[in-house]
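Note sheet for the following structure.
FYI, it's all coordinate maths here, none of it is from the lab. Model, not experiment: these values are computed from the prediction. Here the Cβ positions follow ideal geometry from the backbone for every residue, glycine too, while neighbour counts run over all protein chains shown.
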């Protein structure tokens, strides 16, 4: 499970900021490169060894799927890591990819992999269309203070405008139905150069689920449903597709946090998605799947400061494909 010794959001935030800036905190050129475990979902995580050699002694505990790692050294397909989040050994060596080419650990820098740069907005289409639920709609933020509204201001210098069609309380199933309504959404999709889809696992019932079988069912329903939504949007328009990752809820605990991390890791592997926004960074996550201190208006929604923190997670040029 996760604990204070296993999850230090401030340490991760510093590492990510240092990597993004290209400099370490003391100004030296050495920086942390952040990785995320995407393999091992059906086996309790990925195997960790104490040494670089494949035949070195294995650690008794596996590294959980969704765990985040700071790179200490990369030798071929062997990664020497220091754990930032998740459960498992604090450091060790893991295999990046299997001989078959299947990735076990991927770069988690918020940008598309080098081999899949993503689609650019079609020429002449300068509308960013936001779809999603109440947080994407700006719920509990001051007027014009939702993260999507802040994005609207940020994209104007690039010649884009924002069309927010998010609706409170909606789920993946609701949006499957909405997408079938040609009169409602098709014109907006045809105008869009970028589509952002941001939905809540809380609306699927994750916050109130405690039995492991219920949690697993919700995770599977949400992940499969969101993936199908991405494919449906991709089939209906030629816009760049951006997915908003899971975000906190004060009724979550370490068990739900594991779900958030696994869902985020899965989203980053989908070919339909051109960019994924990590809403667990930027100081917004206070640990155990919950909002950072002073960032929520109620268990499920960020307040004005929380929306600002969510916007700080958004790479504007990454969203626009620039």
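Compared with the alpha-carbon gap, the fully stretched path from residue 50 to residue 238 is longer by 63.0 nm at 0.36 nm per residue. Within the chain, DSSP assigns beta bridges of which about 60% are antiparallel (rounded to the nearest 5). Note on region 34-107: Rg/Rh from C-alpha atoms, Kirkwood Rh, equals 0.90.
Only alpha carbons enter this Debye calculation for region 127-320, each as an equal point scatterer, and the log10 of I(q)/I(0) it gives at q = 0.12, 0.13, 0.17 Å⁻¹ is -0.53, -0.63, -1.11.
Label positions at residue 191 and residue 322, each projected 7 Å from the Cα along the C-beta direction, are separated by 2.1 nm. When Rg and the Kirkwood radius Rh are both evaluated on Cα atoms of region 213-272, their ratio Rg/Rh stands at 1.02. Judged by the mean number of other Cβ atoms found within 10 Å, the most tightly packed of the peptides 164-170, 255-261 leads the ranking 255-261, 164-170. Coordinate range of the alpha-carbon atoms in region 275-322 per principal axis, descending: 35, 21, 15 Å.
Once both labels are positioned 7 Å from their Cα atoms along Cα-to-Cβ, the gap between residue 293 and residue 315 label points is 3.1 nm.
Once the Cα-Cα distance is subtracted from the 0.36 nm per residue extended length, the residue 102 to residue 161 segment shows a gain of 17.4 nm. The label-point distance for residue 180 and residue 43, in a model that sets each label 7 Å from Cα toward Cβ, rounds to 4.0 nm. If one takes the longest principal axis of the Cα atoms in the chain, at what angle in degrees, from 0 to 90 and to the nearest 10, does the Cα axis of helix 212-236 lie? It works out to around 50 degrees.
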